[in-house]
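Some notes on the structure that comes next.
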Amino acid sequence: MNQLIKNRLFLVAMLIMFIHGKAVSQELYCNVQVSAQKIQGSNRELFQNMQRDIYEFMNSMVWTDNLFSFSERIECNLLINLDEQLSADEFRGTIQVQLSRPVFNTTYKSTVLNFVDNNFQFRYVEFQPLEFNPNSHTSNLVSVLAYYAYLFIGMDFDTFAQGGGTPYFQIAEKIVTNAQNAPEAGWKPYDGSRNRNRYWLVKNILDNEYSGVRQFLYLYHLRGLDRMESDMTQARTGIYDSLRRLQEVYRRRPDPFMYYLTVVLDAKADEIVNIYSQAFPEEKNRVVQVLSEIDPANETKYQKILTASE
């Protein structure tokens with residue numbers, strides 16, 4: 001069989017796969033928004049190109065060896081707010097990262113991650129390609145984007161299989177290690193407010209002391225949310241059991257560096273309130289007692305569960 005025929009057969013196979021929704025695609029379906037409203041007098045087209053380049057980088061890269069259909073892509077958002085233009089090609093601002101996961105047999109999508117990284121300074125040169133090298137830190141913009149890409153993938157995998165995200169968190173950790181000599185903040189142990197930065201986030205995730213947080217993500221989704229449609233009572237019981245895993249972590253090591261536990265609870269707090277607002281009184285009291293202990297910052301929010309009508 002000559003090469004021309006082989007090429008045509010390959011193209012036909014890919015077309016068939018596409019028609020049936022099985023075409024291989026990249027892992028992420030990432031929406032990107034760049035806001036530069038605080039920067040006056042700049043070339044607006046520059047920021048449009050920046051948004052386009054970041055979008056293409058996140059969605060065109062092949063981040064893993066896994067095969068994803070178009071419908072299986074991981075949904076996430078990057079919201080970049082630029083506060084300052086330090087030079088022609090250097091910027092400072094924040095990046096908000098959001099990750100959602102579909103719930104089995106429903107149209108509902110659950111928020112898994114939603115927080116703002118305030119340590120975001122980078123260079124961007126128009127028309128210069130964004131290229132990621134997992135073995136070196138050459139661009140802070142690329143390293144930050146790749147770090148969160150692997151965080152998205154790792155957390156998504158953790159919600160479907162216990163410890164499933166480990167290989168991707170390890171790559172994120174390698175990105176942190178490569179960036180230890182970078183002048184930009186966010187990569188080193190003492191960067192940022194109360195040590196809440198990219199270094200501590202991935203360190204917590206991979207630390208066995210905090211394995212209960214990752215177990216929570218798995219149990220909360222597989223034995224909780226994914227059962228909501230078929231058995232609401234059983235689903236709430238599964239979610240309560242998952243919260244007990246967080247309680248075990250909190251009681252074993254309630255130090256101020258439990259960044260991952262805080263990030264996860266911040267993403268889930270409103271959802272948990274909605275779920276248990278319709279629970280039985282005994283369930284409400286039990287879950288509020290646990291939540292008030294492990295997440296005192298949101299205690300006022302959790303008290304709404306007790307006053308909600310069944």
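Residue-wise test of (1) within 14 Å of residue 291 (Cβ to Cβ); (2) free of Cβ contacts under 8 Å to residues at least 12 places away in the same chain.
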site: 187; (1), (2): no, no
site: 208; (1), (2): no, yes
site: 220; (1), (2): yes, no
site: 230; (1), (2): no, no
site: 250; (1), (2): yes, no
site: 260; (1), (2): no, no
site: 263; (1), (2): no, no
* Asked: How many of the residues in segment 180-207 are surrounded by fewer than 21 Cβ atoms within 10 Å (Cβ to Cβ) and part of a loop (DSSP other than H, G, I, E, B)?
  -> 13
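Quick one: would you say residue 210 is outside any loop (DSSP other than H, G, I, E, B), more than 18 Å from residue 108 (Cβ to Cβ) and modelled with pLDDT under 95? Before you say what the answer is, go through the steps one by one.
Working: outside any loop (DSSP other than H, G, I, E, B): yes; more than 18 Å from residue 108 (Cβ to Cβ): yes; modelled with pLDDT under 95: yes.
Yes: the conditions hold for residue 210.
Just wondering, is there one or more residues in segment 121-141 that are over 29 Å from residue 47 (Cα atoms), out of contact with any Phe, Trp or Tyr (no Cβ under 6 Å at 6 or more places or on another chain) and surrounded by fewer than 16 Cβ atoms within 10 Å (Cβ to Cβ)?
Taking segment 121-141 first, the residues over 29 Å from residue 47 (Cα atoms) are none.
Looking for residues that are over 29 Å from residue 47 (Cα atoms), out of contact with any Phe, Trp or Tyr (no Cβ under 6 Å at 6 or more places or on another chain) and surrounded by fewer than 16 Cβ atoms within 10 Å (Cβ to Cβ), one finds none in segment 121-141, hence no.
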* Asked: Got a sec? Which of 117, 156 is in a strand (DSSP E or B), out of contact with any Phe, Trp or Tyr (no Cβ under 6 Å at 6 or more places or on another chain), within 30 Å of residue 245 (Cβ to Cβ) and modelled with pLDDT of 95 or more?
  -> 117
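The values are calculated or read from the model by the stated rules, or taken from the named source; none is laboratory data. Computed from a predicted model, the values in this text were never measured in an experiment. Every residue, glycine among them, receives a Cβ derived from its backbone with ideal geometry; neighbour counts consider all protein chains shown.
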